[in-house]
Amino acid sequence: MTLKPIFAMLLALSPAAHAADLMSIYGIAKRQDPLFLAAQAQLQAAQEKVPQGRSLLLPSVALNANTTYNRFDTTLTSPGPAGLPLGGNGNYNSNGYTVSLSQPVFQMQNWIQFDEAHLQVAAAEAQFHASEQDLILRVAQAYFGVLLAQDNIELVHAQKAAISEELQQAKQNFEVGTATITDTNEAQARFDLISAQEISAVSDLEVKQRTLATLIGKTPDNLESVNPKFEPKPPQPDDVQKWVDAALKNNLDFVSHQILAKIAEKTVEQRRAGHYPTLAVVASYGNNSATGGPLINVGTNIKTSAIGLQLNMPIYQGGAISSQTREAAANLEKSKDDEENARRNAELNARQAFLGVASGMAQVKALEQALLSSKTSLDSTKLGQEVGVRTAVDVLNAQQQLYSAKRDLYKARYDYLLSELKLKAASGSLQESDLVEVNHALH
């Protein structure tokens, strides 16, 4: 055998050296996840609201220019002054330009819209931070989903091997007359069932891997698993009310709805300001020249300039402003109701996440003890089978209990780690550093 196949075999036998952990997957998702990239683009678009609002308060300057070729054919009906080139036909060029300036002096709608632009940016920033937290949760949930699916396959394979061994032993015992056909039939039924579960487990792993692939743009390689020696800890602070208070202050969904309610208030003011007059300074300068004319065929050059105040007083617009004001007022009521709903959900989510961490910690410890008890029970049942006081069915049941305890323990660990992140998200404090701490449980 050459060195190259040997090296390839060693790589295949040591997947942990190339296993990706939670932080590496998160780093890829930040660059590849379409939802997060869309949130970044949405924030960049929203940040342009401020310069757009500011532009309504600044002067606007416009330049208009023209050049025209003219052809004329003039017939005089009476004689003109002597010495002037009147009538006839010919052509000439006319050229001109005008520079105009308008500076708003009083336009209440523009000032309100400028204030509203700052609120829109603040709302977009809160929504973007919420999308950052959402990405952390989606990555962790998809990551642990793949790990749990892999664990299920390993458990199914181990359970299938154990059942296969019991099935062969039951067949041998039946052939020699030391066991009934019932043990063989029971073992065969368990073997057929676990075979079906194996197919389902493989399919579930494929789905979970594809789910993670939607975040990182590719099918994930080997993933770092949770260290079985990690110790769950209670939430800090270990006081649900403090987490609720933090959520009512910093929960990003609630903060976003608070800002949206303020924007709705500004919209009502802006619509109502449609009844107010506007005042602006206007100025212009123009220069128009021509090489001739249709009547007096002589060249001209005319310069004009003007400056003044322009007042616009809306009197009646068919009831549009009043209707728009009522519409904005109704939207304001909706925004307030949405804000209250977000406040209640923030409190509920904080309490649920706190209980998820607290109960998850207790569940992990209880299942660790249950796993030890199940191992002891299986050993005792096998020993009882050897001495004739236990049957093969008892062994199969003990094996089923052991693997169920393992599966429940794995799931409880993942749920606990995910609950920690959900608790931070509910309080509005979830950051990338929190994911780093969870990632430590993988090593």
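Structural remarks
- Any chance D238 is of a type outside the set (V, I, T) and within 30 Å of A346 (Cα to Cα): yes
- Filtered residue count, segment 222-264, keeping only those that are among the acidic types (D, E) and under 30 Å from T325 (Cβ atoms): 1
- Filter pass, Q241 being at pLDDT below 90, over 30 Å from I28 (Cβ atoms) and over 24 Å from the mean Cα position of the chain (by Cα): no
So that you can scan it fast, the table gives a plain yes or no per residue for (1) closer than 29 Å to A189 by Cα; (2) more than 21 Å from the chain's Cα centre (by Cα); (3) in a helix (DSSP H, G or I); (4) among the charged types (D, E, K, R):
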| position | (1), (2), (3), (4) |
| --- | --- |
| V357 | no, yes, yes, no |
| A362 | no, yes, yes, no |
| E386 | yes, yes, yes, yes |
| Y416 | no, yes, yes, no |
| D434 | no, no, yes, yes |
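- The residue that is surrounded by the fewest Cβ atoms within 10 Å (Cβ to Cβ), counting only those in segment 309-339 that are assigned to a loop (DSSP other than H, G, I, E, B) and not polar (S, T, N, Q), is I315.
- Count of residues meeting criterion [more than 20 Å from P228 (Cβ to Cβ) and either modelled with pLDDT of 95 or more or within 23 Å of the chain's Cα centre (by Cα) (or both)] in segment 400-414: 0
- When every residue of segment 251-263 is checked against the conditions, none turns out to be among the β-branched types (V, I, T), within 30 Å of V99 (Cα to Cα), surrounded by 14 or more Cβ atoms within 10 Å (Cβ to Cβ) and in contact (Cβ under 8 Å) with a residue 60 or more places away in the chain.
- Of K242, K229, all but one fail to be of a type in the set (K, R), more than 19 Å from N397 (Cβ to Cβ) and assigned to a helix (DSSP H, G or I); the exception is K242.
- Restricting segment 29-77 to residues that are in a loop (DSSP other than H, G, I, E, B) and charged (D, E, K, R), the residue that is nearest to Q113 (Cα to Cα): E48
- Note on segment 219-237: residues that are touching a residue at least 24 places away in the same chain (Cβ under 8 Å) and either out of contact with any helix residue (DSSP H, G or I) (no Cβ under 9 Å at 6 or more places or on another chain) or within 22 Å of A425 (Cα to Cα) (or both) total 5.
The values are calculated or read from the model by the stated rules, or taken from the named source; none is laboratory data. From a predicted model like this one, the values you see are computed outputs, not experimental measurements. Positions of Cβ are generated from backbone atoms using ideal geometry, with glycine treated the same way; all protein chains shown enter the neighbour counts.
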